[in-house]
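Step one of this worksheet: look at the structure below.
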Amino acid sequence: MPQITALTPERHAHKRWMRFSSYAFARDRAVAPLVGAELARAALSLPVVFLQQDETWLPFALLGLAPDTNLMVSADGRWLAAYVPAALRGYPFQLARAQDEQWVLCVDESSELVGDGPAGEAFFDADKQATPAVKEILDFLGKVAHNHEATAKACTALARHGCLQPCLITVPTDAGSKQISGLYQLDESALNQLDDAAFLELRHLGALPIAYLQTLSLQHLPRLAELAEARSRTVPPERNGDIDLSFLDRGGTLKFDNF
């Protein structure tokens, strides 16, 4: 299990970290959160669905069709899609909310990328200030977190106006076909029937591009099915059922571009 710990000089001044070279850490993530700023690129190679977290709705990249299975990670740790969700590119770092609602930079101490050295990069310099590399990561994750809030407002408004409907995906299992539950997609008919006030609200919140890109992205579902079938011929399935969404609060090669 991940051991997410706030990054502090007291705890991490003498530890070191390494940049990841494999996506094996994401092998058990069937979904990954997305933000609006990256959706145009993500939708070109990954299917996107909406999921609910408490009272909030967000877009997620659908990466697998079975619990704890990421079909976009190969056996040797390579990423198989053209786009990597921003939530995965900061590993082993992530942002978490503190009790005062402030964002805090954290690190997964259970990762093999964090240790006592000598290999790797320092978290802090001799003055106990974050190193330039760590500051760059914090800036990147901060931009993602900021856009996350705007994205959540837009997607939650789509749900509030009745513009989301279940995304019906059926997968074969040893016991027969089974439907994945908890996934949602745009209801275009409902969107087109909104009154002017509701439609303008969605436009103001930036929800319309998110909605249309999500619909466009569903063309990639057959690719997931192909990958699942190919894997089933080489790796026996260990479990069947609905996708496990219990890890939706996870954050989540460091590549700091415009998402």
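The values are calculated or read from the model by the stated rules, or taken from the named source; none is laboratory data. Keep in mind the model is a prediction, meaning the values are calculated, not measured. Because the Cβ atoms are built from the backbone with ideal geometry, glycine has one as well, and the counts that use them run over all protein chains shown. To get the accessible areas, we keep the full protein, side chains included, count just its heavy atoms, and leave off ligands, DNA and RNA. Shrake-Rupley method; radii C 1.70, N 1.55, O 1.52, S 1.80 Å.
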_It is to be established whether one or more residues within segment 76-96 are polar (S, T, N, Q) and either over 26 Å from L224 (Cα atoms) or within 14 Å of the chain's Cα centre (by Cα) (or both)._
yes
*Can we say S217 is closer than 27 Å to A66 by Cα, crowded, with 19+ Cβ neighbours inside 10 Å and not β-branched (V, I, T)?*
yes
_Hits in segment 57-102 (condition: among the polar types (S, T, N, Q) and under 14 Å from L141 (Cβ atoms))_ = Q94, Q102
*Identify all residues within segment 11-65 that are in contact with a Ser or Thr (Cβ under 9 Å, 6 or more places away or on another chain) and among the β-branched types (V, I, T); write none if there are none.*
V35, V48, V49, T56
*Looking at (1) open to solvent by less than 20 Å² (accessible area, probe 1.4 Å); (2) among the hydrophobic types (A, V, I, L, M, F, W, C); (3) in a loop (DSSP other than H, G, I, E, B), find the lone condition where A126 falls short.*
(1)
*Give segment 54-66 a look and list any residue that's in a loop (DSSP other than H, G, I, E, B) and open to solvent by less than 10 Å² (accessible area, probe 1.4 Å), or say none.*
L63, G64
*Residues of segment 1-39 classified as open to solvent by less than 60 Å² (accessible area, probe 1.4 Å), of a type in the set (D, E, K, R) and either assigned to a helix (DSSP H, G or I) or at positive phi (or both), total*: 1
*For residues in segment 129-172 being over 24 Å from A86 (Cβ atoms) and either of a type in the set (K, R) or not in a strand (DSSP E or B) (or both), which is nearest to the chain's Cα centre (by Cα)?*
L168
*Go through (1) open to solvent by 40 Å² or more (accessible area, probe 1.4 Å); (2) closer than 23 Å to L205 by Cα and name the single condition A42 misses.*
(1)
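Condition check: open to solvent by less than 20 Å² (accessible area, probe 1.4 Å), under 27 Å from K153 (Cα atoms), of a type in the set (G, A, S) and part of a loop (DSSP other than H, G, I, E, B). Does G77 satisfy that?
Working: open to solvent by less than 20 Å² (accessible area, probe 1.4 Å): yes; under 27 Å from K153 (Cα atoms): no; of a type in the set (G, A, S): yes; part of a loop (DSSP other than H, G, I, E, B): yes.
It is false that G77 is open to solvent by less than 20 Å² (accessible area, probe 1.4 Å), under 27 Å from K153 (Cα atoms), of a type in the set (G, A, S) and part of a loop (DSSP other than H, G, I, E, B).
Residues checked against (1) under 30 Å from K153 (Cα atoms); (2) open to solvent by 20 Å² or more (accessible area, probe 1.4 Å):
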{"site": "Q52", "(1), (2)": "yes, yes"}
{"site": "P85", "(1), (2)": "yes, no"}
{"site": "P92", "(1), (2)": "yes, no"}
{"site": "Q102", "(1), (2)": "yes, yes"}
{"site": "S111", "(1), (2)": "no, no"}
{"site": "D116", "(1), (2)": "no, yes"}
